[in-house]
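Below: one structure, written as structure tokens.
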Amino acid sequence: MTANGIFQIVFYFAVLILLVKPLGTFMAHVFQREKTLLDPVLGPVEHFIYRLARINPNEEYNWKENALAMLLFNFAGLLVVYVLQRFQQFLPLNPQRMSAVSSDSAFNTAVSFASNTNWQGYGGETTMSYFTQMVGLTVQNFVSAATGLALLALIIRGFARHSMKTLGNFWVDLTRSALYILLPLSFLLALTLVSQGVVQTFSPSFSVPLLQSTIDINGAKVTEQQIAVGPAASQIAIKQLGTNGGGFFNVNSSHPFENPTPLSDFLEVLSILLIAAALCYTYGYMVKDTRQGWAILAVMMIIFFGLLSISLWSEQHGNPAFTSLGIDQTSSSLQPGGNMEGKEVRFGIPNSVLWETATTAASNGSVNSMHDSYTPLGGLVALVMMHLGEVIFGGVGSGLYGMLVFVVVAVFVAGLLVGRTPEYLGHKIETYEMKMASLLILIMPITVLVFTAIAVMTDAGRSTIFNPGVHGFSEVLYLFTSQSNNNGSAFAGIGANTPFYNVTGGIAMIIGRYWLAVPTLALAGSLAQKKFVPPGEGTLPTHTPLFIFWLIAVVVIVGALNFLPALALGPIVEHLMMH
Amino acid sequence: MKPQISHQNKETLGFNGKMFRRALIDSLAKLSPRSMVRNPVMFVVEAGSVLTTALWIQALSGSGEAPPWFIGTVSLWLWFTVLFANFSEALAEGRGKAQADALKKARQEIKAKRLHEPSFGSSYEVVASAMLRKGDVFLVEAGDVIAIDGEVVEGVASVDESAITGESAPVIRESGGDRSAVTGGTRVLSDWLVVRASAEPGGGFLDRMIHLIEGAKRQKTPNEIALNILLAAFTIIFLVVCVTLLPFSLYSVSTAGHGTPVTVTVLVALLVCLIPTTIGGLLSAIGIAGMDRMIRHNVIATSGRAIEAAGDVDVLLLDKTGTITLGNRMATEFTPAPGIAKERLADAAQLASLADETPEGRSIVVLAKEKYGLRGREVHEIAAHFIPFSAQTRMSGVDIQPDSSNGKRIIRKGAADAMKAYIEQQGGKFPSAIQQTVQDISRVGATPLVVVENKEVLGVIHLKDIVKGGIKERFVHLRKMGIKTVMITGDNPLTATAIAAEAGVDDFLAEAKPEDKLKLIREYQKGGRLVAMTGDGTNDAPALAQADVAVAMNTGTQSAREAANMIDLDSNPTKLMEIVEIGKQLLMTRGTLTTFSIANDVAKYFAIIPAAFATTYPVLNALNIMKLATPESAILSAVIFNALIIVALIPLALKGVKYRAVSAVELLRRHLLIYGVGGVIAPFIGIKIIDMILVALRLI
């Protein structure tokens, strides 16, 4: 790798880590309803919303009431997106005259955006009207991310509180997350992106004459090209910040109108991890022990860095099949070298791989390169990132609460190892917590493996695998891994916009989001009710390097062990065959 | 006959051939699905064994998915895996059964003399002990076996309690006070007792003990349940992993165009290797062994829950007397009042103590003899009237009739404040020098006894509390374990401070009344602490009931023993520390074996994955880093290792992981290194060795 490449990676981490504390503190203030700089501007709006929705912001609910509120709100959002798609031809802002989306695709997309997955079985610029994109999808980009943040706020309170039944008010956390965190950050980012050349317009796509005419598949002469535009910048900002990932254009952030310059690329990839990383500090702040937050961030960083290195090494190493053809893949001042298939030349290997690792770590799913074209090990990294349960940064909110479940498991076994009934932050970890934690680590692997098995066994699943064989298997595995983990990135190579994949994927996304959110809330609700157990000499500290190492081991072993056989039949065998 | 209970070697596991044979038979009986289903992990293994046996029979008929020898061998080792796990449980139970048998001999059918009136001399009828009900009053005379647990309402007798404690020296049981509880199955040696039954037949202490030891009433403890849930979750995940491998393999074969799909036998083998069979198989044995270790320390826990709680104790309340200090204080010095000769003080002190049979009294006599050459005069030599200690006067002494050389001597000794009141009431004066001496003595943790003759204060006897040897080091250990020690004493704060400092306890409660103890426990519990205490008296019962871990002395009263959740048959208050260690050991053994079990999976993947898909993707052999000979030998080696490791770890499960008093971080580091890292490495070596043996024996 070139020095320039290394510098870009290091610079990225440095900026990210520097932003963790200020943003983390700010978000903690938001969740704890403390004074912030934005109060004078947003305070009146916030209170207007409460009055309009008849919410008493000072009322708190227990975990069940909050879970119900979350489910109702998300179901309503899902329904709205579905209806918008099905009736978009009758609605305004449809200059391209897009027709109604098919029922299975509309279902998949509605679930996808409500669950913060943002898997896209459709091509944005050829399927969705501006109205659907803005009122349906962009709104869900905000509220699904805000739902994740609100859930996390409730769950953190469970870890911070003692002898209390309530966790907070979902409506208040939702409103404040969207209003104080997501909106201002998106506003800033969108304006900056516009300054870099990202499009933001209501005009329809326009056509330009081709410099050189060509012929289409029917042999007809083609002399002009349609250039798609639209209100992209506003959607891109939130898709990056809210770990949504659903691009305005089909090729996502490799499109020059979504991601035109090195600065836009840096800001967009920074936005992928920004909130998720800062939330670790927010967590530490809210449980009144910031060391706990730093320890979790360290775990995420170490695993992230490890997997990033593997992918970088593998991509930079190139494809041995090309070497045998005498193609030069070494990096030099003239070329980046390595495996550049599916990567933008303007981003090169470091920025493509950094984005790939970040987007699969953070359950974002946006791309600036095509993951399907990565070397088998590069693709494996993306898969493993998701197989870890989207807890390495993960989705905004959901990543950290997923990690907290692993913390509970790690604390439980570590407690046994030191001969003491396990406790974490003054809460005893008992049968109920282990029930919920076990349920949580169980669901995701089952969903991924069972759906993958169904897909490779049925004609409906097999018929649209364009690359049968080892790589085809990886693609199916990637598809369900991505949807079950609410990531949304795609390996492509599969015709996924079929009733079979739309419906199974939709179910996987529902399970991945809500079946996990509810038991985690229950876990937090149970912790909040527990009496405080003051830490003593015999209590295992959970911020030491040793515990960080242990938590890494638990995350990796619980994640990797489940998927090793499947990976062996996919990317691993592909890698071995290639060499 | 002395039962085995307290006389086993505590260091070795203490098994004999008979117990092994019994365990072997029991492990076969435990194959019944009804008993297996209680353990989800091993139930899955048994289901796999049945399935592979069916496949083997199918293969024998010539249409199997793999050669019969291969399926048969895999199946055989899967059955061994189940049997080894059952054997560990049976072995752990077996020792308890042997002990229970010994106890049962003490519980033969006993006749009881049921009294018509609850007093000695009333008429009685002889009934079987099973006819007695709680509240019935019965008579026990010399040579009789006490029919059922009860409270002595009348009489004093010496009782042989060796059936329970293993201690052959008889103990005194009498009505009233703290020695009024008697236990069914013990024998009255002399005199008689009138006893009111405090338990129903079959519900007595001995019965409870037998139940506990046999494990008949063994219920899973909360922590064990929590761990079981986690293990069940792993089992379900791995079940799905293995079941979905079949479609994955079918798809791979169909697209690769060559090879054969993975066989069901191999999938079952992989499943059994992956699910946490090591901990799943040994979990129940660990729990039983924990209870058993308590019993071998002569502690009867009324529930496994109490043992677990013992591992979590944060605060130990310890009675000063008998636990921290030797039960008796010793006179070490006489300090005379101004103008009084030391000899005169010594003489008076000795005279006042001649009839005092307490260890303190005797030590005064001895000190006077050794230091001042005053021989211990016999009580009858002098015309004296001895005044015993009473709680009202809080003094004792002697009245000596006038003789040729002296007038009437009225000598008293007692606590300083009592003596001060006494002398001032008589119109005498309490010298300020004495006041000073009293304070000085108190400050160093000793007890001052003031001696007075007639109206004159002669001086002060210095009674010193002797702190037990080695106790300070034990408290240091406890502190390292994160346990706070609190000394409970009736002494004044000054004395308490000095002894607390000398013994090295963290805190103390001076001038403690029983209700203070209760209050203290509640305060600690309100702060989220787990409190352990020992007690023996009736007035300890409320505090015992409140404490999380309450150990009653077997010599204690019935009410104390009922309020407690553990009973120490040796009646040794320092036992609490061992109890805490056993509790910790129990949790640690579970934790280490769980870690080991899951860590083992890494190597098993490397053994089985390349073997399972060898025909479809020969390149996967690159993962065969152990260089196992053939796909069959790889799978067999993994399965055999998985079965043998259970046997290899039975001793650890039964003995428990050794507890070390080091910090939690240090302990975690150590155990992660041994059982985590070791758990990753060990199977690589083990599987390779088994593979080499299989090849050497030409079995492959």
Sorted by chain and number, the residues with a modelled amide H under 5 Å from that of residue B:333, at a separation of 5 or more or across chains, are B:462
Over region A:38-88, what percent of the accessible surface lies on carbon and sulfur atoms, probe 1.4 Å? 69 percent
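Give me the 1.4 Å probe accessible area per residue for the protein assembly as shown, excluding ligands and nucleic acids, in Å². Kindly include the intermediate steps, with their values, before the conclusion.
Numbers: 47900 Å² over 1279 residues.
Result: 37 Å² per residue.
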Measuring from the longest principal axis of the C-alpha atoms of chain A, the long axis of helix A:348-361 (C-alpha) lies at a number of degrees, nearest 10, equal to 40 degrees
For the pair residue B:426 and residue A:103, how long in nm is the line joining their label points, each one 7 Å along Cα→Cβ? 11.0 nm
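Taking R0 as 22 Å, what FRET efficiency do you get between residue B:444 and residue B:511 from their Cβ-Cβ distance, rounded to the nearest 0.05?
0.75
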How large is the helix-only mean residue ellipticity at 222 nm for the protein assembly as shown, computed as the sum of -39500 (n - 2.57) over DSSP H runs with n ≥ 4, divided by its residue count, in deg cm²/dmol to the nearest 500? -17500 deg cm²/dmol
So how far apart, in nm, are the two label points at residue B:126 and residue B:393 if each is 7 Å from Cα heading toward Cβ? 5.0 nm
Linear extension gain, residue A:532 paired with residue A:335, 0.36 nm per residue minus alpha-carbon span: 64.9 nm
Interface residues of region A:532-560, defined as losing at least 40 Å² of accessible area versus the chain alone with a 1.4 Å probe, are A:534, A:537, A:546, A:550, A:557
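Based on the Cα atoms of chain A, what semi-axes does the equivalent ellipsoid have, where each is the square root of 5 times one gyration tensor eigenvalue, given in whole Å with the largest first?
On the way: eigenvalues 271, 167, 105 Å².
Over the Cα atoms of chain A, the ellipsoid semi-axes are 37, 29, 23 Å.
If you take each beta carbon of peptide A:443-453 and count the beta carbons of other chains within 10 angstrom, what is the mean? Before the final figure, lay out each step's value.
Values: counts 2, 1, 6, 6, 1, 2, 9, 4, 1, 4, 9.
Per-residue shielding by partner chains comes out at 4.
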Helix A:470-484 versus the longest principal axis of chain A: what is the Cα-based angle in degrees, 0 to 90, to the nearest 10? 40 degrees
Anything over 29 Å Cα to Cα? Flag those among A:239/A:435; A:530/B:517; A:530/B:220; B:342/B:408; A:435/B:688; B:480/B:526, in the order listed. A:239/A:435; A:435/B:688
Determine which residues of region A:80-105 fall in the zone a paramagnetic label at residue A:54 would reach in this model, i.e. backbone nitrogen under 20 Å from the point 7 Å along Cα→Cβ. none
When the accessible area of region A:393-541 is split by element with a 1.4 Å probe, what percent falls to carbon and sulfur? 69 percent
Nearest 10 degrees, 0 to 90: helix A:232-241 Cα axis against chain A principal axis: 40 degrees
With heavy atoms of protein chains only and a 1.4 Å probe, what residues of region B:660-700 have at least 40 Å² less accessible area in the full set of chains than alone? B:664, B:665, B:668, B:672
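Exceeding 18 Å between C-alpha atoms, which entries from my cross-link table qualify? They are B:429/B:455; A:428/B:584; B:97/B:134; A:165/A:531. Walk me through the intermediate numbers first.
On the way: B:429/B:455 8 Å; A:428/B:584 16 Å; B:97/B:134 28 Å; A:165/A:531 11 Å.
Listed pairs above 18 Å: B:97/B:134.
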Pop out the carbon and sulfur fraction of the accessible area of chain B as a percent, whole number, probe 1.4 Å. 58 percent
Solvent-accessible area buried by pairing B with A, both sides, nearest 100 square angstrom, 1.4 angstrom probe: 5200 Å²
Hey, how many Å between the Cα centroid of region A:73-144 and the Cα centroid of region B:667-700? 55 Å
Given labels modelled 7 Å from the Cα in the Cβ direction, how far is it in nm from residue B:65 to residue B:225? 3.8 nm
Between residue A:429 and residues 5 or more places away or on another chain, the pairs with built amide H atoms under 5 Å apart involve A:423, A:424
For a test of the definition: using alpha carbon positions, the gyration tensor, and the 1.5 limit on a/c, classify region B:403-447 as rounded, prolate or oblate. prolate
Determine the residues within region B:477-501 where the difference in accessible area between the chain on its own and the full set of protein chains amounts to at least 30 Å²; count protein heavy atoms only and use a 1.4 Å probe. B:482
Under 5 Å, built H, 5+ apart or other chain: amide partners of residue B:395: B:390
In whole Å, what is the distance between the alpha-carbon centres of region A:342-372 and region B:442-484? 75 Å
Report, ordered by chain and residue number, the aspartates and glutamates lying within cross-link reach of residue B:420, taken as a straight Cα distance under 17 Å and ignoring same-chain residues fewer than 8 apart. B:440, B:453, B:456
For region A:257-311 and region A:1-65, what is the separation of their Cα centres, given in Å? 14 Å
Tally the DSSP beta bridges in region B:487-582 and give the antiparallel ones as a percent, rounded to 5. 0 percent
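The values are calculated or read from the model by the stated rules, or taken from the named source; none is laboratory data. Every value quoted in this text rests on a predicted model; they were computed, and no experiment measured them. Positions of Cβ are generated from backbone atoms using ideal geometry, with glycine treated the same way; all protein chains shown enter the neighbour counts. Keep in mind that these areas ignore ligands, DNA and RNA; they rest on the heavy atoms of the full protein, side chains included. Shrake-Rupley method; radii C 1.70, N 1.55, O 1.52, S 1.80 Å.
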